[in-house]
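Accompanying notes for the structure given below.
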Amino acid sequence: MFGSLFGANTIVGALRTGLDDTALSHKGIAARVAGAQAASAHDDFGSALAAQNGKKVPEVNVEHEMVSLANNEIRYDAQTRFLSKVYANLHTAMKNG
């Protein structure tokens, strides 16, 4: 019974999976921005070390990442609001029988 309400093939399951994906994406974007800020603080040392090891220092467009972060946050908020409404509707249906 609960599988038909909260299972993976339901709207609740899809929203929960979407929330998990959005949270994971948020962590990835935040890590890239943090890495870019750390690299810019130690740009000379990091570039010298990377050049010595023969590696390229990845370029990060912080402005683009911040836009992605804002977009991700809007998507997360929308999913949580919709999931809250679905749970409220289920609560109402159970209460009213």
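Summing Lys, Arg as +1 and Asp, Glu as -1, what charge do residues with Cβ under 14 Å from the Cβ of residue 11 carry, residue 11 excluded? Show your work: numbers first, answer last.
Working: positive: 16, 81, 85; negative: none.
Neighbour charge sum, excluding residue 11 itself: +3.
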*How far apart, in nm, are the 7 Å Cα→Cβ label points at residue 88 and residue 8?*
3.0
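Readers should treat all values here as calculations from the given coordinates under stated rules, not as data from a laboratory. Values in this document were obtained by computation on a predicted structure and should not be read as measured data. Don't worry about glycine lacking a Cβ; one is built from the backbone with ideal geometry, like all the others, and counts go over all protein chains shown.
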